[in-house]
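Below: the structure, in structure tokens.
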Amino acid sequence: MHYVCFVYEKREEPDGRVSRPSPDLGSDLEASGRLINSGRLTDPTRLIVRDGRFTIEPGGTERPDPEAPTSLFVIEARDLNDAIRLAERMPKPTIHSVEIRALSANWSATDCV
């Protein structure tokens, strides 16, 4: 089964310095052969429905949102416990938290409409 791991990295150290994202968050996952895909997330652009029409709202701000995910990993795991064990392999110094969600195998684009 595939799981998505949203990685929330520390944005600010206790002394006020902004921490740099770790470039090798997924290197151990990649070495295990269980990493399907990964990437850094950019500032969001939101589509908001107003009066039945989409309005574009840029999400970039001067200061990054401390609650926004910084990276995304899609991994292959037997079950949620296995996905948790794989996520625990990520280097801890830059990570604030990891959110893990299962990808539905029977998903269709029409499910979202």
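Fully extending the segment from S104 to N81, taken as 0.36 nm per residue of separation minus the present Cα-Cα distance, adds 6.6 nm. For segment 45-58, 3J(HN,Hα) computed residue by residue from phi via the Karplus equation (6.51, -1.76, 1.60; θ = phi - 60°) reads 10, 9, 9, 10, 8, 10, 6, x, 10, 7, 10, 8, 10, x Hz, glycine and proline entered as x.
Take each peptide in 26-38, 46-58, count the other Cβ atoms within 10 Å of every residue, and average; sorted highest first, the result is 26-38, 46-58.
FYI, it's all coordinate maths here, none of it is from the lab. Keep in mind it's a predicted model, so treat the numbers as computed, not measured. As a convention, Cβ positions derive from the backbone with ideal geometry for all residues, glycine included, and neighbour counts pool all protein chains shown.
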